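Working notes, structure below.
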Amino acid sequence: MRRAAKVDRNQAEIVEIFEDYGFSVQRAQAMGSGFPDLILGYGGRNYLVEVKDWQLSPSKRKLNEIQQEWHGAWKGQVCVVETAIEAIKLAEKWRAE
């Protein structure tokens, strides 16, 4: 039996930032198998975002083995966001593209 997906404590704040910038946001951590936590949409484009909690030690913020495999095999865009500032910078960058 699969455990419930763990949600990082800063995910709600990061989701709110992207929504405030006009992105559609779909939470996807329940997909498992290393798939990123969020699917974002803006301007006809899609973005995949893995959320990590900046308050954890660096060793606990690393992608786990399954996530590393998924990220390494994915041929499209995917990124990791740890802080609100990183989310804001990405939202501004992607809106400008």
Report summary line: Considering the stretch 29-68, residues that are part of a loop (DSSP other than H, G, I, E, B) and among the aliphatic types (A, V, I, L, M), and then whichever is modelled with the lowest pLDDT, we arrive at Leu56
Requested in this report: Out of Phe18, Phe35, Phe23, report the one residue that is touching a residue at least 24 places away in the same chain (Cβ under 8 Å), under 14 Å from the mean Cα position of the chain (by Cα) and over 15 Å from Leu90 (Cβ atoms).
Outcome: Phe35
Report task. Test Glu92 against the stated conditions and say whether it is more than 23 Å from Ala30 (Cα to Cα), surrounded by fewer than 16 Cβ atoms within 10 Å (Cβ to Cβ) and modelled with pLDDT under 95. Result -> no
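What do you reckon, is Gln26 of a type outside the set (Ser, Thr, Tyr), surrounded by fewer than 16 Cβ atoms within 10 Å (Cβ to Cβ) and in a strand (DSSP E or B)?
yes
The values are calculated or read from the model by the stated rules, or taken from the named source; none is laboratory data. Since this is a predicted model, take the numbers as computed values, not measurements. Heads up, the Cβs are rebuilt from the backbone with ideal geometry, glycines too, and the neighbour counts pull from every protein chain shown.
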